[in-house]
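S.K.: Below is one structure. I have some questions about it.
Values in this text are rule-based calculations from the coordinates and carry no lab data. Just so we're clear, the structure is a prediction, and the values are computed from it rather than from any experiment. Cβ coordinates were reconstructed from backbone atoms using ideal geometry, including for glycine residues, and neighbour counts include every protein chain displayed.
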Amino acid sequence: MTRLFAVSDNGLVEQKKTALDREEKIEKWVTNDLTLVGIDGIVIGRQVRTAHGKIIDVLAIDGDGNLVIIELKRGRTPRDVVAQILDYASWVCHLTTKDVYDLARLHGEENFGKSFKGKFGNPPPDILNSSHQMIVVASEADDDTKRIIEYLSEQHDVGINASFFNIFLSDGRELLATDTLLDQTEVTERAVKKTRPPWSGYYYLTGGFEEDRPWRDMREHGFFSAHGGVFYTGKLDKLKVGDPVFYYQKRNGYLGFGLISQEKQHVNDYKVEKGELLKDICDAPYLTEYVDDAEKACYIVGVDWKQTFPVSEAKFFSGIFANQNVVCGIYQTATVDFLEQEFGVEQYLSK
């Protein structure tokens, strides 16, 4: 059960939970911000009609080009809502790349490719929908829904998860608290493992666009950072000292190869090799924008960059692996072979 407390000088004050007057509000919120349900993607359409005459609440697509079905519980029983979303998935799994483009146009997205590139910094993969995900959205976490979804995901590698929305009243204001049943990254990894080769052992990092996070900062001071909330900064927990990483910059390509030298730390605590605080020697707004907000603050990992290139010499080919995740594994064989050669990684890993 989700609980929310206000922090005061007299201690913790629990906030009163209240009913959500209309579940349609959740659909609007999710459509405007897919990260509320653990997805970084773009919406293909709302109220999408299947070939069987059923209506999907929200159909989205992530940075890997895989579709995401989002269905509100709307007071239905756990058995009914799970059966419904599985029914939708039986249709979605057969959608071709052309079908996805056609659906986007049908729902008002005339230039799907441009929108995708604007969001993720690279064009859509040549093949879309090689895998798909399902998310049940509910205003409460009932035990039956949780049990069924955990069974399907953890025992049978079905790409299904649940997200829960709770409304609290505080001083006359409504506060929204969200939570997911399972870690969405783990759900996705279990679901797609049948469609991709084994993990290469390399991690992919991306910090957005050059104008948002200049490469020279990371290159000069030996670090990688993320901020804006646990959806982004939580991914840094995967990285351990010695892990090999490649850095990708949206719109450009791969710029650096290195080994993790320091594990995740708050920007207030992170020191460079000479013992200086990074925030004192690197005047970058993204480092200190949310410095007093523990959840949104910037977090840092150290990187011993072994081989780097300027932005003008970014390494790229059409179809190279790139997606929206701040940190993830690289599985695509063609990308691994290309990066190993371009960055000459063998000499650094053999030592």
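S.K.: Under the definition of Cα pairs under 8 Å and six or more residues apart, what whole-number percent is the relative contact order of the chain?
M.R.: On the way: 635 pairs, mean separation 53.6, N = 351.
About 15 percent, as a whole number.
S.K.: Here is a follow-up. Given the -39500 (n - 2.57) contribution per DSSP H run of 4+ residues, what per-residue ellipticity at 222 nm results for the chain, rounded to the nearest 500 deg cm²/dmol?
M.R.: Rounded to the nearest 500, the figure is -7000 deg cm²/dmol.
S.K.: Taking every pair of Cα atoms in region 20-76, average 1/r, invert it to obtain the Kirkwood radius, and report Rg/Rh to two decimals.
M.R.: Working: Rg = 11.5 Å, Rh = 11.9 Å.
Rg/Rh: 0.97.
S.K.: Over the chain, consider all pairs of different Cα atoms and compute the Kirkwood hydrodynamic radius from their mean reciprocal separation; express it in Å, one decimal. If you can, show how the numbers build up before the last one.
M.R.: On the way: mean 1/r = 0.0457 Å⁻¹.
Kirkwood hydrodynamic radius for the chain: 21.9 Å.
S.K.: Of Ile281, Ile260, Ile167, which is the most mobile in a GNM of the chain whose springs link Cα atoms less than 10 angstrom apart?
M.R.: Highest fluctuation of the listed residues: Ile281.
S.K.: Hey, another quick one. How many angstrom lie between the Cα centre of region 289-306 and the Cα centre of region 325-347?
M.R.: Computed from Cα coordinates, the inter-centre distance equals 24 Å.
S.K.: Just name one of Ile55, Gly344, Tyr290: the one whose Cα is farthest towards the positive end of the charge dipole of the chain (beta-carbon charges, Lys/Arg +1, Asp/Glu -1).
M.R.: Ile55
S.K.: For the pair Val311 and Arg196, what calculated FRET efficiency results from E = 1/(1 + (r/R0)^6), where r is the Cβ-Cβ distance and R0 = 35 Å, to the nearest 0.05? Each step should come with its number before you reach the end.
M.R.: Numbers: r = 29 Å, r/R0 = 0.83.
That pair, Arg196 with Val311, gives E of 0.75.
S.K.: Give me the distance between the Cα centres of region 114-149 and region 157-222, rounded to whole Å.
M.R.: 11
S.K.: Moving to a separate point now. Rounded to the nearest 0.05, what FRET efficiency do Val241 and Glu346 have when you use their Cβ-Cβ distance and R0 = 25 Å?
M.R.: Efficiency for this residue pair is about 0.75.
S.K.: Still on this structure, please answer the following. What FRET efficiency comes out for Glu276 versus Asp33 if R0 is 25 angstrom and r is the Cβ-Cβ distance? Round to the nearest 0.05. Intermediate results must be reported in sequence, preceding the final value.
M.R.: Numbers: r = 37 Å, r/R0 = 1.48.
Taking R0 as 25 Å, the efficiency between Glu276 and Asp33 is 0.10.
S.K.: Using 0.36 nm per residue, how much length does the chain from Arg74 to Asp144 gain when fully extended, once their Cα-Cα distance is taken away?
M.R.: Residue separation times 0.36 nm, minus the Cα-Cα distance, leaves 23.7 nm.
S.K.: Among Gly234, Gly256, Gly108, which one shows the biggest mean-square fluctuation in a GNM of the chain, springs joining Cα atoms closer than 10 Å?
M.R.: Its mean-square fluctuation being the largest, the pick is Gly108.
S.K.: Could you check the spin-label model distance between Ala177 and Lys98? Points 7 Å from the Cα along Cα→Cβ, value in nm.
M.R.: In this crude spin-label approximation the distance works out to 5.0 nm.
S.K.: Cα-Cα over 31 Å: which of Lys73/Lys264; Lys73/Lys194; Lys119/Lys235?
M.R.: Working: Lys73/Lys264 37 Å; Lys73/Lys194 29 Å; Lys119/Lys235 19 Å.
Going by Cα-Cα distance, Lys73/Lys264 fall outside the 31 Å limit.
S.K.: Quick one: dipole size for the chain, taken about the Cα centre, charges +1 on Lys/Arg Cβ and -1 on Asp/Glu Cβ, in debye to the nearest 20.
M.R.: Values: 41 positive and 55 negative charges, 144 e Å.
In total the dipole reaches around 680 debye.
S.K.: Let me ask something else about it. Loop sites only, by DSSP: take the GluC sites (Glu not before Pro) in the chain that have at most 11 other C-beta atoms within 10 Å and name the longest stretch containing none of them. Spell out each step's value before the answer.
M.R.: On the way: sites that count: Glu110, Glu211, Glu273, Glu295.
My reading of the result: 1-109 is the longest stretch.
S.K.: Would you report the distance distribution of C-alpha pairs in region 5-195 as whole percents per 5 angstrom bin, up to the bin with the largest distance?
M.R.: Percent of Cα pairs in each bin: 1, 7, 16, 19, 19, 15, 10, 6, 4, 2, 1, 0.
S.K.: Using Cα springs under 10 Å in a Gaussian network model of the chain, which residue among His132, His266, His52 shows the largest mean-square fluctuation?
M.R.: Maximum among the listed residues: His52.
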